[in-house]
1. Since residue B:8 meets every condition but one in (1) in contact with a Pro (Cβ under 7 Å, 6 or more places away or on another chain); (2) within 14 Å of chain A (Cβ to nearest Cβ); (3) under 17 Å from residue A:267 (Cα atoms), which condition does it not meet?
2. Of everything in segment A:49-91, what is surrounded by fewer than 18 Cβ atoms within 10 Å (Cβ to Cβ) and farther than 29 Å from residue A:165 by Cβ? Give them in sequence order.
3. Condition (residue is over 30 Å from residue B:154 (Cβ atoms) and small (Gly, Ala, Ser)) applied to segment B:193-212: is it met by at least one residue?
4. Among the residues in segment A:56-76, are any within 14 Å of chain B (Cβ to nearest Cβ), touching a Lys or Arg at 6+ places or on another chain (Cβ under 9 Å) and of a type in the set (Phe, Trp, Tyr)?
5. Among the numbered criteria (1) assigned to a strand (DSSP E or B); (2) modelled with pLDDT under 85; (3) more than 26 Å from the chain's Cα centre (by Cα), which one does residue B:247 miss?
6. Just to verify a result, which residue in segment B:46-61, among those that are in a loop (DSSP other than H, G, I, E, B) and surrounded by fewer than 18 Cβ atoms within 10 Å (Cβ to Cβ), is farthest from the other protein chains (Cβ to nearest Cβ)?
7. Please find, among B:40, B:35, B:133, the residue that is within 26 Å of the chain's Cα centre (by Cα), closer than 20 Å to residue A:268 by Cα, more than 10 Å from chain A (Cβ to nearest Cβ) and not acidic (Asp, Glu).
8. Can you name every residue in segment A:221-269 that is under 30 Å from residue B:42 (Cβ atoms) and not aromatic (Phe, Trp, Tyr)?
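The values are calculated or read from the model by the stated rules, or taken from the named source; none is laboratory data. A quick note: this is a predicted structure, and the numbers were derived from the prediction, not measured. Neighbour counts run over all protein chains shown; Cβ positions are idealised from the backbone, glycine included.
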Amino acid sequence: MNDFEQMLIYSRYQFRNYVRAKRLWILLLITGLVIALIVSVNAYFGNPASETAKKTASTFASFAPTLVVLTALFFGGDAIASEYQNKTGYFLLPNPIRRYVILWGKYLASLAAGGLVVLIYYLSGTVYTYYYHSTVPVEYWYSLAYALVFLVSLLSLTYMFSTFFKNGAVALVIVAILYFFVFNIIDGVIQLTGIEPWFSITYAANIITLVFQGSHMGDYPHKTVLHPGNGITVTIYNPYLWEGLAIMLGYLIISAIISTIVFEKKEMK
Amino acid sequence: MYLEAVNLTKRYGKFYALNDLNVKVEGSKCVGYLGPNGAGKTTTLKLFTSLLRPTRGEAIINGHSVQKDKVQALKDVAAVVETPELYPTFTPEEILQMSCALRSVNKCDIKHALEEVGMYEWRNKRVGKFSKGMKQRIALAAALVGNPEILILDEPTSGMDPRGMAEIREVIRNMKKSQRLIFMSSHLLSEVAEVCDEVIMIDRGKFVLHSSMDDVIKRFGGNSVYVTVLEMPDMAKIESIPGVKSVEKVSENRLNIVYEPGEDAQYRILKELIYAGVKVTEYNAAKQMLENAYLKLIGGDRND
């Protein structure tokens, strides 16, 4: 049996573990609540039938980046750290399997579970948009594709953080703080410096919603300079669609290499 | 089939958990690995199972370095190190299936493996609420299920009740019958004496002794046995048995008999004891010899 087959086998068991451990169901419940909220708020305060299909679809897609962050946290935050903390690593690691097979088998399971959640969310948006407009704009499918690329990339980054720790809870909390606070603060502060935050994955993730802007895809300003007064200059950058994808790909590759090296060398003391 | 440690060293800062261990165990047998707490027993087993990386030296299994070629080295090896936790949502049957799949084993007799460790009736229950002893049994079954050539066991009866301990020892004895090398650490001298053919001792990360159990008996025998009895007999009666030099009562039901050199005397004394109506329940020289060896070589101050 080759490494890839072993990876798929391990991935299957890990996915079963996610389903049984209720994480998947909890995230699906949260997703369901968000969908219900979007639908009811729009129905009560807005008039989806009178807006364009693109506008309705973009309303739905606006929560997608947050959902991807939640998904990465749920399925990646403690993925590797918990093997050390819960001592399941004592069962898993002495097997004649390369460490990277375990790491990426687990990653595939997380990706399958996370991808399922994102797909269900977008499917609900499809039904919702189609219900009011009898069509779904092409931008919506691009948004879905970008959301999946963001998931692939962010999950890889989350796995990298998870390999740094030996305590699942600590790994989960630190990753949550990073994604919900630190990255957003950096993105905000950087606007005052006039530097494009090309190094930020959350900046790249903006393409999930930017795709809906303008008359055609990519029809939005890359750079906007504002002068709110008191001599302050705020520079707002929007990533090009290709740029967003490139940043996410960069994160995927770099964090995949680092996590593979760290996990390969990590000891079960 | 063999395991070999070549200059195997593990250092944490200035502390040597294992210092230049050179030892080779080979063939179908059970080798007991003894030492006090912190001697480096578990460190050694972790180095042989790729859970730790050596600071220096190599752990070699069947000619393959665990550090350089883990997959080949561990191909015919199963290990139970510490008390592994199992995925709580899985059933024992699923854990064993997973173990087979991960080890690329085609023929997996899950039923037999679970029966052997007395867990077959629990096969469909999730392991999350199992006791430590039950998890240890499942881990042992998962190790057994692939029919490995070499078994590395770290205190296999740890956390078990006396009945469980006896059952697992029986399992290990049975495993020995089917051409396997069992390398087993234990903190129970009696367990090693009962189950193993060879013994290795280490202390403070350093090699102390590698010997067959027979050699241990010869070298550390001291011509005395501990005899456990149901009722304490008349001491004078035992002292009068030919070959007996002295008798000492060590507890309510235990005697220490010092006899004249030679295994003949040992046999004669047992025969005379039975003939005299002494209700002997235990007469195990090996256990005593191992204890003697352990105390002489390592000392009792950090008794494990």
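1. (2)
2. A:49, A:50, A:51, A:52, A:55, A:62, listed by residue number.
3. Scanning segment B:193-212 turns up no residue that is over 30 Å from residue B:154 (Cβ atoms) and small (Gly, Ala, Ser).
4. no
5. Checking residue B:247 against (1) assigned to a strand (DSSP E or B); (2) modelled with pLDDT under 85; (3) more than 26 Å from the chain's Cα centre (by Cα), the one that fails is (2).
6. Per the criteria, the residue is B:55.
7. From the options B:40, B:35, B:133, the qualifying one is B:40.
8. Across segment A:221-269, the qualifying residues are A:258, A:259, A:260, A:261, A:262, A:264, A:265, A:266, A:267, A:268, A:269.
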